[in-house]
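Written out below as structure tokens is the structure these notes cover.
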Amino acid sequence: MRDEERARLFVERARAAQGAFAQASQETVDLAVTAAGWAVMEPRRNRALAEQAVRDTGLGSVEDKVLKNHRKTLGLLRDLQGARSVGVLREDPAAGVTEIARPVGVVAAITPSTHPVAAPINNIINALKGRNAIVLAPSPRGAGVCASLLGYVHDELAKVGLPKDLAQALPSPASKALTAELMRLADLVVATGSQANVRAAYSSGTPALGVGLGNVAAIVTPNADFRAAAARIAASKTFDYATSCSSENSLVVIGDAWGPLLAALEAEGGVLATPDERRRLEAAMFPSGALSPAVLAQSAPRLAQLAGLSRDSYADCRFIMAQENVSNIGSRHPLSGEKLSPALTVYRVGDFDAAIDQVRAIYDYQGKGHSVGVHGASPHEIMRLGEELPVGRVIVDQVHSLAVSGSFENGLPFSMSIGCGTWGGNGFSDNLNYRHFLNITRIVRPIPPREPRVEDIYDDYWRRYGK
């Protein structure tokens, strides 16, 4: 069977299931969301999925994936509890506008090998919340665990009387042509993972929501609590062996913060590479200028082994630090880019202005639109980051890789897809959430006229500049 015909069969089954689900009540929709969530929230299944994910992909840590699958799913379920996605969303009598939630239809979701459980279940739950059907296109390495996840989802949907075709996945191995045809036939494409996936989604001819490139930098000021900052940075950098695009790739350390921060980071299990070790690390990680798959989401000791770093301190380290000159940014200095591994580039600058300039230069190379972390900044400095840097999020005194995609300790929506706005080539700059899986119809009624006089608009302008 040709790829075009195979893709059409998946979409036709999805449309048939979604056509009936589109008439579901809010109660039924919320039951579907809760059922799908339990596919991962059930502890034994969560662990089985985490173990299979690491076994199949060779990426990350089982224990961290168990925690990620649990927290991200639980947080999403919390966000969706009580949220309206059926019928009237908002009434504005003064404006005469009523907003009504409508499904988008069939969603095609491209999911990465770095998050082969958390990303698919997030998309499934959000799609169901909007009364949609979804067809997943998992990465080749993540296809097996995605199939296991779908089996659990189907079991739970069957319990509440809903068809399994509301959530499907392309079979492995799914060719690029099959995935492209799925995207063309769907009503909405959600692409998480590589920029190649995002570009393919944008060029599919179907409305698409894609994410930008992660290359997070964090600033540490001399006013930071160095032990607390180091603990947060280490936790973020090492979680799931840095599979997340939200893990710090660079630290920009201001002035007198350098010595005490590095000491605190070493106390957290970091090792600062010597200049020769830094060169060997770079050569191992970027043998031809591009990140080697061999180092992706490996433990720090394994990374050191691949780079031939043999000091005793590397045997049980948590992450490796490599100091760079502030001018060493760009393709000729790949350690300034995204590393997706427990390697952390560190820069020393003189003041907060220089820190902003350094982060801006890093993001001009990679990472524009995503986020920036900061530790120990004043309210004024924090506002400067939000006003001056090309980022969608400023994460203040938190574990960055956990905070940026939604946390129980901040108000961001739980999400596995981080929009980077026009800075990062995306059409949205917030965390992907269930509202992105809805169409909204607006009923517009007549209201008393609110037409201003020309004088009401121009009086001040005329006084200052004349007519």
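Structure summary
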quantity	calculated
Over the chain: helical MRE at 222 nm, DSSP H runs n ≥ 4 each giving -39500 (n - 2.57), nearest 500	-13500 deg cm²/dmol
Whole-angstrom gap from the range 63-124 to the range 264-316, using each part's C-alpha centre	38
Karplus-derived 3J(HN,Hα), 6.51/-1.76/1.60, for each residue of the range 344-352, Hz, glycine and proline x	10, 8, 10, 10, 10, 10, x, 7, 5
Burial ordering of His70, His375, His370, fewest other beta-carbon atoms within 10 Å first	His70, His375, His370
Inverse mean reciprocal Cα-Cα distance (Kirkwood Rh) of the range 250-345, Å	13.5
Integer Hz, Karplus 6.51/-1.76/1.60 couplings in order for the range 317-332, x for Gly and Pro	6, 9, 7, 10, 9, 10, 7, 10, 5, 4, 8, 8, 9, x, 4, 6
Average projection area in nm² (convex hull over Cα atoms of the range 216-409, one quarter of hull surface)	9.7
Per-pair calculated FRET efficiency, R0 = 41 Å: Glu451 and Ser175 via Cβ, rounded to 0.05	0.10
Neighbour-limited loop hits for GluC sites (Glu not before Pro), the range 379-415 (at most 15 other Cβ within 10 Å; DSSP other than H, G, I, E, B)	Glu409
Distant-in-sequence amide H partners of Met321 (H built 1.01 Å from N, under 5 Å)	Val271, Leu272, Ala273, Leu344
Those residues of the range 175-191 whose amide nitrogen sits under 16 Å from the label point placed on Glu5, 7 Å along Cα→Cβ	178
Spin-label model distance (nm) - Lys164 vs Ser292, 7 Å beyond Cα toward Cβ	4.2
Cα gyration tensor category, rounded, prolate or oblate, for the range 371-453 with a/c compared to 1.5	prolate
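Readers should treat all values here as calculations from the given coordinates under stated rules, not as data from a laboratory. Small disclaimer: the values here were computed from a predicted structure and weren't measured. Glycine gets a Cβ as well: all are built from the backbone with ideal geometry, and neighbour counts include every protein chain shown.
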